[in-house]
Amino acid sequence: MRYYVRTPELFAAVFSRATPFLNPLATRSMKKILPLFLALTVTVFAQKFEGLALTPPMGWNSWNTFADKINESLIKETADAMIANGMRDAGYVYIVIDDCWESKERDAQGNLVPDPVKFPNGLKAVGEYLHAKGFKFGIHSCAGTRTCADFPGGRGHEYQDARSYASWGIDFLKYDWCNHGTADARETYKTMRDALHAAGRPVLFSLCEWGQNKPWEWATDVGHMWRTTGDIYDSYDGRKGWETGWKRILDQQYALVDSTGPDGIGKYAGPGHWNDPDMLEVGNPGLTFAESRAHFSLWCMIAAPLMAGNDVRHMKPEYRDMMTNKEVLAIDQDALGKQGFRALSEPSNNIEIWVKELSNGEWAVCALNTGMAAADLTVQWERLWTIQGKFQVHDVWGKKAAGDTGKPYSARVDSHDVLLFRLTPEKK
Ligand code: GLA
């Protein structure tokens, strides 16, 4: 992690040593300009904490399943379950409490107050529990005056709230965009970044303004991940007002920028700064097993943050195995940090093929059956034009060798299920 010299502190130290030698008038005017100087230097030198998200962040978030039905026991039970089922050790280390953890109003000093019924021991106690168990502690707030669920938002309280978060041991802040009025997104998120930095505790900063102000164009220096689109729900391609199924969200990525392929939205992502197509719905009741598996595979293909959104305390073994599959996670977490893209789409043949460049000249390839029925999918490797050369093919979900790219690969695939491959260059 890189730490820069804290200029305001340096200046204050020099200033306090120098003052005995200055005349009283100069001292008084220096004192007047000191706050201005401090404000300016904080602005100039503040930055996001580096090194926190070299691969897409992984964890669990309360919103998709629990919404306002959250409390200390749920968070502790979730942590315990994620240790028992192997999720923590597979890399899901951020446990994030989403909206609805607060009391409806700030206290008399303007501080945020955790809901005393949901969190009777406060949030510091929750943080201590999570940290002792090897997790990191995340929380939600909003850049507007109120959160989307109508709890106090951070606007005008950024530095104060950042100090509260630091005192509770917060490691991750998801910062929403409801009730922002006329606020400028870029400036607002920068203010919170600077506030977190000033509070001094490294925090992974997750921007959640739903892509409305094209954060991929300006947020690399502001946060570690940014939502690109609206909210997900547990559906393949349904729509429920503001919420859409995962396939629609995937398709929407393509409307966000003019280019597609390797020059599409993915070119803005990389180590330390990721496009966030929203949290996982894997294992939730609105998806079939196949739809969960395809959602998970494709989120890995686009180097998405993997924030589980299911009730991990009651998880069927097949979903646990899916979400902790090391070979699949290695595609998401590949150190090269390249987001994959759709290389081929043939609606008439019910097939889409996504490719993702990996380290050491390897590639991941994912073929999705977009049809309503099981179908034979064929992958003609030579049509995936960005992948040059000859490769050995490994079927990742099937856990078996699948020949080489010299000849097409065909297999029966359930509706909305995928084939997922890892390609290794053939030795010459
Ligand atoms: C917004 C966000 C969601 C969730 C809710 C909470 O809709 O996009 O992910 O945090 O707010 O109110």
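Bear in mind these aren't lab numbers, they're just calculated from the coordinates by the rules spelled out. These figures come from a predicted structure and were not determined experimentally. Note: ideal-geometry Cβ built from the backbone for every residue, glycine included; neighbour counts use all protein chains shown.
Computed quantities for the displayed model
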{"read-out": "Where no second cysteine Cβ lies under 4.7 Å, the cysteines concerned in the chain", "value": "Cys100, Cys142, Cys208, Cys300, Cys366"}
{"read-out": "Most mobile listed residue (His314, His180, His224) in the chain, GNM with C-alpha springs under 10 Å", "value": "His314"}
{"read-out": "Over the chain: helical MRE at 222 nm, DSSP H runs n ≥ 4 each giving -39500 (n - 2.57), nearest 500", "value": "-9000 deg cm²/dmol"}
{"read-out": "Positive-end residue of Ala183, Ser235, Gly223, charge dipole of region 182-278 with Cβ unit charges", "value": "Gly223"}
{"read-out": "Local electrostatic count at Ala375 - Lys and Arg +1, Asp and Glu -1, tallied over other residues with Cβ under 14 Å", "value": "-4"}
{"read-out": "Cβ-derived FRET efficiency at R0 45 Å, Arg239 paired with Asp395, nearest 0.05", "value": "0.85"}
{"read-out": "Partner lysines for Lys136 [C-alpha distance under 16 Å; skip if fewer than 8 residues away on the same chain]", "value": "Lys76, Lys124, Lys174"}
{"read-out": "Restraint check, Lys326/Lys399; Lys118/Lys240; Lys48/Lys267; Lys133/Lys338; Lys326/Lys356, Cα-Cα greater than 22 Å", "value": "Lys118/Lys240; Lys133/Lys338"}
{"read-out": "The chain: relative contact order in percent, alpha carbon pairs under 8 Å with at least 6 residues between", "value": "13 percent"}
